[in-house]
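Written below as structure tokens is the structure these notes are about.
The values are calculated or read from the model by the stated rules, or taken from the named source; none is laboratory data. Small disclaimer: the values here were computed from a predicted structure and weren't measured. As a convention, Cβ positions derive from the backbone with ideal geometry for all residues, glycine included, and neighbour counts pool all protein chains shown.
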Amino acid sequence: MKKFAMKSKVHTITKEFSKHAHINESQYHEMYARSLKDPEGFWGEQAEKFISWFKPWKKVLTGDFKNLNVEWFVNGKLNACYNCVDRHLPKRANQTALLWEGNNPNESIKKRIWFKKNCQLKTTTPDIYYIFSLICFCVLFK
């Protein structure tokens, strides 16, 4: 069996770019250390802060990493499409959040265009809408 080694590249971040970051390098290291020391507390806070839940979880984490039987956000329920697209529309409907560009430079899909197509499909055929949403989610986030 052939083994493949991952190559890592280090990209320099300009000061101008880093001005727009949500956290700085020091904060990143603090957050990373906390995520290892207190995964339940850290990831519970992150999930409450950044994800809209349709049903809250009972427990953030069960199982253990050594036995590979970890389960996250037990009994929680969310809608990935809602969290990735829908909840951002009231303030950001005209911004491009996701951009897919095909082989032809004129062929691209922006989030707001996809949302309009998605809504048209949703109102006419709910079953196809559900399947379409799953396919789009898998394609966009694979």
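From the list 44, 76, 63, which one is free of Cβ contacts under 8 Å to residues at least 12 places away in the same chain and either surrounded by 11 or more Cβ atoms within 10 Å (Cβ to Cβ) or within 21 Å of the chain's Cα centre (by Cα) (or both)?
Values: 44 fails: free of Cβ contacts under 8 Å to residues at least 12 places away in the same chain; 76 fails: free of Cβ contacts under 8 Å to residues at least 12 places away in the same chain.
Exactly one of 44, 76, 63 is free of Cβ contacts under 8 Å to residues at least 12 places away in the same chain and either surrounded by 11 or more Cβ atoms within 10 Å (Cβ to Cβ) or within 21 Å of the chain's Cα centre (by Cα) (or both), namely 63.
Take the residues of the stretch 53-106 that are at pLDDT below 90 and of a type in the set (Lys, Arg): which is nearest to residue 41 (Cα to Cα)? That would be 66.
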